[in-house]
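What follows is a set of notes on a single structure, which appears directly below.
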Amino acid sequence: MQFITKKKRPPVIALVSLIDVLVLLLIFFMVSTTFKQSQPEVQLKMPESKHAVEGEAIKNAPLILTIDKTERLYLGDQLVPLPDLVVFLKREQKERPDLVLELKSDEKVSFGTIIKVMDAAKDANIQNVKALTKPVEETQPLATP
């Protein structure tokens, strides 16, 4: 008696569907990385001023003191506690006698914190302190008294 034996075909991997999945993943990663933008470490919503000039802070390389909405102080990129601010400012004042301190703060920062920073600048003998603002957008009407 003869038994019929079927020849077994070797297993075949469908490359077309694998290539489709690979191309979709490649497109996904390419698109998702091109839309990524660098985010600054401190997010600020600066107060607006109709006399603000963009790029004014770059001219003489001033020292920028940033206050975020949680009232943390950053001197450049370095986090500085408020009680130690005078020490840091005095050190900078010794290195550059004509130092210009520019204050960049969120509009939600309390006025008391800004006054404490101004006092620390006076204690460090810094005469030139500026407050940075952003220009008013044209779509917003200015409040008239």
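The values are calculated or read from the model by the stated rules, or taken from the named source; none is laboratory data. Quick caveat, the model's predicted, so the values are computed rather than measured. Using ideal geometry, Cβ is built from the backbone for each residue, glycine included, and neighbour counts are taken over all protein chains shown.
Values computed for the structure shown
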{"item": "Count of residues meeting criterion [in a helix (DSSP H, G or I) and surrounded by fewer than 15 Cβ atoms within 10 Å (Cβ to Cβ)] in the stretch 92-112", "result": "4"}
{"item": "The stretch 69-85, residues that are hydrophobic (A, V, I, L, M, F, W, C) and surrounded by 16 or more Cβ atoms within 10 Å (Cβ to Cβ)", "result": "Leu73, Leu75, Val80, Leu85"}
{"item": "Members of the stretch 43-71 that are on the phi > 0 side of the Ramachandran plot and at pLDDT below 80", "result": "Gly55, Ala61"}
{"item": "From the options Thr139, Thr144, residue that is more than 24 Å from the chain's Cα centre (by Cα), more than 19 Å from Lys45 (Cβ to Cβ), of a type in the set (S, T, N, Q) and at pLDDT below 85", "result": "Thr144"}
{"item": "Qualifying residues in the stretch 1-42 (those that are polar (S, T, N, Q) and modelled with pLDDT of 80 or more) - the one nearest to Asp106 (Cα to Cα)", "result": "Ser32"}
